[in-house]
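Visitor: Pasting a structure here, questions to come.
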Amino acid sequence: MNNCFEYYTLKLKTLSPVFVGSGKEVGKKEFCYSSKKDIIRFINMNKFMEYMVKMDMQDGKNRIQKFEDFMINKSKRDKTVNLNKFMNDIAVSVNDRNTVTIYKVKNNGCFDDEHSLSAISCFMRKKENKAYIPGSSVKGMLRTVLLQYLIRENNYQPHCMETDKKGNSKPPSKILAEEAENAEKDLINILPLKMRNGRANINDAVNSIMKGLSISDSEFIDDSNFIVCRKFDIPGTSSCENKMNSVRECLKRGVEVEFKIKIDKRYFKPENIKLNFEQLFNKMVAEFDKEYSEFYLSKFPIPDGNKNDFNDSFVILGGGSGFFGKNITYTMNGFQKGLIKTSDNMKKNKINGKFVNPNDYSVGISPHMLKDTKIGDVYFHLGLCSVSLERDIL
């Protein structure tokens, strides 16, 4: 039975800020920006309320009423006052601020005394507010890289009914989604655990070969390794940035994180692949890097902070990092057909009832934005990590 298992250590090093979101957002009046130390304090609002109640009982200065007015923007001034200024107004000491602080991260130029009214999307943390990267996030990234590799190796051709049961044309988004879903069924859900008509039921995820790939969560990551970052969209047609009103708590550049991988060879059996997992990993990452560079990065100015970082093995991890690191459309269709299909889909996108994308086909890349962020004044590609794999000898 032990011959069925192989064990590996996957090492990631962040080459740019990486955001693995928890789904939690801290409102613009629920964190405290300190200009003296250039840090963001994430505040336990329940403890802060308890603090104000306690102090009001001692001196009757009515902090709670002032706080309610502040939170509901009762005055014009409240609309421009951040939590740090409010704490200054009611004379909260540094020690008391520390008491109600959950944790602190570096500001990284996102906020100043006059501009701190944006919500912050939070990094993944467990109940004790310790940050980590879930193994499921890494597994999802590897699933995409593997699927792209299997598409190439099996000369897989996309297929999808382009009309519905009534004969109406399906929207481009539906076609792309169904093509991707069918590829996953045909290439991933191939185990004979659940059968249908004498064959593996590809519609049943129980038959997924990913059953044989287990990845641990990372160890907890110290808060000193985090910064807040703003997202910038960089068009392929110009050097002008589109500054987004989106601020994220990110793992900073240069942080090393490890994951333990267990391969169960009874289940992890990709179609027509004779390589062991280490060989497969290195090949599929190398081919992902080649396609990512040719199809995508070549259409944009490379961010100054990552000028030399795309020469070695890399992966794209986390939220906000863009379309190409998580999509198989170009791999299945080739660049030109992929461009047409993606552009047709993007043209249908609306915000507030208005079409917001040009004809990306004429631009030569779709989507036509590179997802960047900044550390200081230097641009970085969101989510870029170097990657390596080592066999564990037990």
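Visitor: For region 154-179, enumerate the residues that are touching a residue at least 40 places away in the same chain (Cβ under 8 Å) and surrounded by fewer than 17 Cβ atoms within 10 Å (Cβ to Cβ).
Guide: We begin by selecting, within region 154-179, every residue touching a residue at least 40 places away in the same chain (Cβ under 8 Å); these are 154, 156-158, 171-173, 175-176, 179.
Across region 154-179, the qualifying residues are Asn154, Gln157, Pro171, Ser173.
Visitor: Can you report the number of residues in region 87-110 which are more than 15 Å from Cys250 (Cα to Cα) and in contact (Cβ under 8 Å) with a residue 12 or more places away in the chain? If you could, list the steps in order and put the result at the bottom.
Guide: Restricting attention to region 87-110, the residues satisfying the condition of being more than 15 Å from Cys250 (Cα to Cα) are 87-102.
From the residues that got through so far, the ones that are in contact (Cβ under 8 Å) with a residue 12 or more places away in the chain too are 87, 89-90, 92, 96-97, 99-102.
Adding up the residues that qualify gives 10.
Visitor: So Cys122 fits all but one of (1) in contact with a strand residue (DSSP E or B) (Cβ under 9 Å, 6 or more places away or on another chain); (2) surrounded by 18 or more Cβ atoms within 10 Å (Cβ to Cβ); (3) under 27 Å from Met332 (Cα atoms); what number is the exception?
Guide: Condition not satisfied by Cys122: (3).
Visitor: I'd like to check which strands (runs of 3 or more DSSP E) are fully inside region 1-93 and have at least 3 residues that are surrounded by fewer than 17 Cβ atoms within 10 Å (Cβ to Cβ).
Guide: Values: elements: 5-14, 21-26, 31-34, 39-43.
Fully inside region 1-93 and qualifying: 5-14, 21-26.
Visitor: Follow-up. Which number in (1) modelled with pLDDT of 95 or more; (2) among the charged types (D, E, K, R); (3) closer than 30 Å to Asn44 by Cα marks the one condition that Glu181 misses?
Guide: The number of the failed condition is (3).
Visitor: Among the residues of region 192-212 satisfying the criterion of being surrounded by fewer than 17 Cβ atoms within 10 Å (Cβ to Cβ) and touching a Lys or Arg at 6+ places or on another chain (Cβ under 6 Å), which is nearest to Lys139 (Cα to Cα)?
Guide: Val206
Visitor: Now for a separate question. Here are Ile190, Ile202: which of them is in contact (Cβ under 8 Å) with a residue 60 or more places away in the chain and closer than 28 Å to Phe288 by Cα? Please lay out each step first, then the result.
Guide: Details: Ile202 fails: in contact (Cβ under 8 Å) with a residue 60 or more places away in the chain.
Answer to the check: Ile190.
Visitor: With the structure loaded, tell me whether Phe220 is within 30 Å of Gly109 (Cβ to Cβ), buried (at least 18 other Cβ atoms within 10 Å of the Cβ) and not β-branched (Val, Ile, Thr) or whether it fails that test. Steps first, please.
Guide: Details: within 30 Å of Gly109 (Cβ to Cβ): yes; buried (at least 18 other Cβ atoms within 10 Å of the Cβ): no; not β-branched (Val, Ile, Thr): yes.
In short, no.
Visitor: Then there's this: Just to be sure before I move on: is Met71 within 28 Å of Lys127 (Cβ to Cβ), modelled with pLDDT of 95 or more and either of a type in the set (A, V, I, L, M, F, W, C) or more than 29 Å from the chain's Cα centre (by Cα) (or both) in the structure I sent? Even if it seems obvious, please write down each step before you answer.
Guide: Values: within 28 Å of Lys127 (Cβ to Cβ): yes; modelled with pLDDT of 95 or more: no; either of a type in the set (A, V, I, L, M, F, W, C) or more than 29 Å from the chain's Cα centre (by Cα) (or both): yes.
No, not satisfied.
Visitor: Checking the condition outside the structural domain of Arg230 (by TED's automatic domain parsing), among the basic types (Lys, Arg) and farther than 30 Å from Ser321 by Cα, which residue from Lys165, Lys66, Lys106 passes?
Guide: On the way: Lys165 fails: outside the structural domain of Arg230 (by TED's automatic domain parsing); Lys106 fails: farther than 30 Å from Ser321 by Cα.
When all the criteria are applied, what remains is Lys66.
Visitor: Quick one: Asp377 ticks every box in (1) closer than 30 Å to Lys252 by Cα; (2) surrounded by 17 or more Cβ atoms within 10 Å (Cβ to Cβ) except a single one, so which number is it?
Guide: Every condition holds for Asp377 apart from (2).
Visitor: Which condition number in (1) over 25 Å from Ser246 (Cα atoms); (2) in the same structural domain as Ser216 (by TED's automatic domain parsing) is the one that Ser16 fails?
Guide: (1)
The values are calculated or read from the model by the stated rules, or taken from the named source; none is laboratory data. Since the model is a prediction, treat every value here as computed from it, not as a measurement. Here Cβ is always computed from backbone atoms with ideal geometry, including for glycine, and neighbour counts include all displayed protein chains.
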